[in-house]
There are 2 protein chains.
Amino acid sequence: MLSVVLIGAGNVATHLYKALKKAKDVTVLQWYNRNLKAISPFKNDVNVTNNLDNLKQADIYIIAVSDDAIKALSTQLPFKNKLVVHTSGSVSLHDLDKKHRRGVFYPLQTFTKNADIDFTEVPICIEIENKEDLKTLKELSGALGCRHYRVNSDQRAALHLAAVFVNNFTNQLYRIGHEITESKSVDFNILKPLIKETANKIESLSPYMTQTGPAKRDDKKTIKKHIKALDKDIHKDIYELLTKSIKLTHGKKL
Amino acid sequence: MLSVVLIGAGNVATHLYKALKKAKDVTVLQWYNRNLKAISPFKNDVNVTNNLDNLKQADIYIIAVSDDAIKALSTQLPFKNKLVVHTSGSVSLHDLDKKHRRGVFYPLQTFTKNADIDFTEVPICIEIENKEDLKTLKELSGALGCRHYRVNSDQRAALHLAAVFVNNFTNQLYRIGHEITESKSVDFNILKPLIKETANKIESLSPYMTQTGPAKRDDKKTIKKHIKALDKDIHKDIYELLTKSIKLTHGKKL
């Protein structure tokens with residue numbers, strides 16, 4: 001049985017708490033947050049505290065707070081030589097105080113406050129300083145039903161950067177699609193099956209193989225018509241730049 | 001029972017043929033293609049021809065050929081006053097010869113050669129010239145199990161343009177994610193659950209609501225680090241432009 005102390009009460013911490021509570025072979029001994037109000041709704045299910053001096057002894061301390069707060073918090077922890085991990089995609093393992101056995105337990109997924117998530121679908125990227133801690137983090141990932149991937153710092157940084165493209169930027173393309181349809185009073189819902197299928201296709205084929213459309217075909221007539229039809233300059237710029245990117249990928253003349 | 005003659009043998013035509021064959025209340029009377037070889041594998045299931053003069057009498061003629069070929073083909077059809085539709089998102093209804101009762105039957109989805117598709121998940125955008133043909137096209141869409149949407153030319157053009165953003169451009173962002181992970185020898189599969197969840201989220205929330213990440217938070221430190229980490233200039237350009245777009249959408253200072 002692994003014992004865990006969870007630190008923080010943001011989206012990742014809250015989703016992680018719910019998943020840990022459901023997991024066999026894991027006990028959440030305690031949940032810490034600076035502001036007790038955020039976690040007090042859970043006080044009947046778990047020991048809650050806002051005092052670092054009261055932290056219990058556990059196998060793993062999980063710091064799931066905002067990137068900027070990780071460093072200071074790890075220094076304030078009133079113990080040493082314990083396994084302390086953060087859950088961030090972009091913060092260095094070395095931001096954790098070196099008095100700890102340091103690690104990263106990065107769930108690569110997008111978490112929204114009120115949207116439930118199937119944690120077994122969340123890949124966990126593990127980074128560790130001491131080899132003997134790998135077993136513990138693998139166990140934790142396994143208890144959550146997650147697939148884990150051992151990565152180094154460069155690889156984690158690359159994943160976090162790539163995630164911005166496939167999640168944040170993709171979502172902004174959906175937003176632009178929404179603006180374009182709204183401007184002609186068309187139902188954005190018509191695009192949703194296409195959005196889903198676009199994501200599903202790369203389950204079995206590479207994004208290189210699944211590319212279609214005017215840029216890939218070098219269909220100058222349609223490209224010109226589309227750019228002319230866009231109202232906003234920034235949408236024209238995005239259309240031109242991503243068209244250029246597709247052409248470069250597929251060996252078309254610019 | 002609706003009778004259909006299908007014209008063309010590309011991706012859309014082939015997927016449409018398979019869906020029509022499965023549909024109740026529809027008969028595919030004939031399949032025409034200029035090059036008989038492409039459709040001859042189906043000759044035991046359907047009458048195939050490469051001779052326009054042999055076309056049978058049907059309720060609907062569906063022209064599912066490349067955009068550039070629609071106009072000439074519709075002129076070559078050796079009859080008039082029949083319901084003739086094309087399946088293109090970007091070609092005008094008026095490209096069809098005016099001797100026909102003209103319409104558009106546009107399945108808004110991405111079709112890949114060897115990937116099966118659930119046609120009941122394909123929205124059909126219908127445009128018609130004569131009101132009395134609406135019933136026939138609604139019947140056809142219903143027989144395929146599809147939801148249909150009646151649109152005008154401007155709306156269809158907007159959908160086709162928006163589809164480029166949410167499909168072609170999104171797919172290129174997946175490609176860039178693939179390049180970034182490969183450059184650090186990380187498994188691209190780690191990103192696939194995130195890609196799926198990004199698409200799933202907008203099922204119930206607007207893309208405006210689901211936006212997260214450094215651009216939305218105006219997290220200058222991470223943005224700077226990411227741009228520095230990108231190897232290719234075009235990836236830096238895309239990062240900067242989409243970050244700018246997100247900031248504009250969410251009212252951040254540029």
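What do you reckon, is residue A:254 within 7 Å of chain B (Cβ to nearest Cβ) and out of contact with any Cys (no Cβ under 9 Å at 6 or more places or on another chain)?
Working: within 7 Å of chain B (Cβ to nearest Cβ): no; out of contact with any Cys (no Cβ under 9 Å at 6 or more places or on another chain): yes.
No; evaluated as a whole, the condition is false for this residue.
Quick one: which residue in A:195, A:223, A:180 is in contact (Cβ under 8 Å) with a residue 40 or more places away in the chain and buried (at least 16 other Cβ atoms within 10 Å of the Cβ)?
On the way: A:195 fails: in contact (Cβ under 8 Å) with a residue 40 or more places away in the chain; A:223 fails: in contact (Cβ under 8 Å) with a residue 40 or more places away in the chain.
Within the list A:195, A:223, A:180, the selection yields A:180.
With B:166, B:186 as the choices, which residue is buried (at least 19 other Cβ atoms within 10 Å of the Cβ) and over 27 Å from the mean Cα position of the chain (by Cα)?
B:186
Just need a number here: residues in the range B:103-148 that are part of a helix (DSSP H, G or I), more than 10 Å from chain A (Cβ to nearest Cβ) and β-branched (Val, Ile, Thr).
Total meeting the criteria: 1.
Of the numbered conditions (1) under 30 Å from residue B:238 (Cα atoms); (2) at pLDDT 95 or above; (3) out of contact with any Pro (no Cβ under 6 Å at 6 or more places or on another chain); (4) at the interface with another protein chain (Cβ under 7 Å from one of its Cβ atoms), residue B:151 satisfies every one except a single condition; which is it?
Looking at each condition in turn, residue B:151 falls short on (1).
Go through the range B:8-44 and count every residue that is assigned to a helix (DSSP H, G or I), of a type outside the set (A, V, I, L, M, F, W, C), surrounded by fewer than 19 Cβ atoms within 10 Å (Cβ to Cβ) and touching a strand residue (DSSP E or B) at 6+ places or on another chain (Cβ under 7 Å).
Number of matching residues: 2.
Residue A:39: aliphatic (A, V, I, L, M) and free of Cβ contacts under 8 Å to residues at least 40 places away in the same chain, yes or no?
Values: aliphatic (A, V, I, L, M): yes; free of Cβ contacts under 8 Å to residues at least 40 places away in the same chain: yes.
In short, yes.
Can you give me the number of residues within the range B:192-208 that are within 7 Å of chain A (Cβ to nearest Cβ), more than 21 Å from residue A:124 (Cβ to Cβ) and out of contact with any Phe, Trp or Tyr (no Cβ under 7 Å at 6 or more places or on another chain)?
The qualifying residues number 4.
Among the residues of the range B:159-168, are any assigned to a helix (DSSP H, G or I), touching a residue at least 24 places away in the same chain (Cβ under 8 Å), of a type in the set (S, T, N, Q) and under 26 Å from residue A:183 (Cα atoms)?
The answer is yes; a qualifying residue exists.
Among the residues of the range A:65-118, which ones are aliphatic (A, V, I, L, M), under 26 Å from residue B:194 (Cα atoms) and in contact with a helix residue (DSSP H, G or I) (Cβ under 8 Å, 6 or more places away or on another chain)?
Hits for the range A:65-118 are A:65, A:70, A:84, A:85, A:91, A:93, A:104, A:108, A:115, A:117.
Select, from A:228, A:196, A:244, A:224, the only residue that is out of contact with any helix residue (DSSP H, G or I) (no Cβ under 6 Å at 6 or more places or on another chain), modelled with pLDDT of 95 or more and more than 15 Å from residue B:161 (Cβ to Cβ). Spell out the reasoning first.
On the way: A:228 fails: more than 15 Å from residue B:161 (Cβ to Cβ); A:196 fails: out of contact with any helix residue (DSSP H, G or I) (no Cβ under 6 Å at 6 or more places or on another chain); A:224 fails: more than 15 Å from residue B:161 (Cβ to Cβ).
Going through A:228, A:196, A:244, A:224 in turn, the sole match is A:244.
Go through B:134, B:108 for me and flag whichever is in the same structural domain as residue B:7 (by TED's automatic domain parsing), of a type in the set (A, V, I, L, M) and without any contact (Cβ under 8 Å) to a residue 24 or more places away in the chain.
Matching residue, one of B:134, B:108: B:134.
Would you say residue B:84 is part of a strand (DSSP E or B) and farther than 30 Å from residue A:209 by Cβ?
yes
Just for the range B:111-123: of the residues that are hydrophobic (A, V, I, L, M, F, W, C) and in contact (Cβ under 8 Å) with a residue 24 or more places away in the chain, which one is surrounded by the most Cβ atoms within 10 Å (Cβ to Cβ)?
That would be B:122.
Those residues that are within 14 Å of chain B (Cβ to nearest Cβ) and out of contact with any His (no Cβ under 7 Å at 6 or more places or on another chain), I need them from the range A:77-102; list them, please. Full working, then the answer.
First, pick out the residues of the range A:77-102 that are within 14 Å of chain B (Cβ to nearest Cβ): A:88-92, A:95.
Those that are within 14 Å of chain B (Cβ to nearest Cβ) and out of contact with any His (no Cβ under 7 Å at 6 or more places or on another chain): A:88, A:91, A:92, A:95.
Please tell me if residue B:53 is free of Cβ contacts under 8 Å to residues at least 40 places away in the same chain and over 22 Å from residue B:27 (Cα atoms).
no
Return yes when residue A:217 is basic (Lys, Arg), within 19 Å of residue B:171 (Cβ to Cβ) and more than 7 Å from every other protein chain (Cβ to nearest Cβ) and no when it is not.
Answer is yes for this residue.
Can you name the number of the only condition in (1) more than 24 Å from residue B:118 (Cα to Cα); (2) surrounded by 14 or more Cβ atoms within 10 Å (Cβ to Cβ); (3) touching a strand residue (DSSP E or B) at 6+ places or on another chain (Cβ under 6 Å) that residue B:4 fails?
So the condition that residue B:4 fails would be (1).
When you scan the range B:27-38, do you find a residue that is under 20 Å from residue B:118 (Cα atoms) and touching a helix residue (DSSP H, G or I) at 6+ places or on another chain (Cβ under 8 Å), even just one?
Yes.
Could you list, in sequence order, all residues of the range A:25-49 that are within 13 Å of residue A:6 (Cβ to Cβ) and either in contact with a Lys or Arg (Cβ under 8 Å, 6 or more places away or on another chain) or of a type in the set (S, T, N, Q) (or both)?
The answer is A:27, A:28, A:29, A:30, A:33, A:45, A:46, A:47, A:49.
For residues that are more than 10 Å from residue B:159 (Cα to Cα) and among the hydrophobic types (A, V, I, L, M, F, W, C), tally how many sit in the range A:167-187.
Here the count works out to 3.
The values are calculated or read from the model by the stated rules, or taken from the named source; none is laboratory data. Source: prediction; values computed, not measured. Using ideal geometry, Cβ is built from the backbone for each residue, glycine included, and neighbour counts are taken over all protein chains shown.
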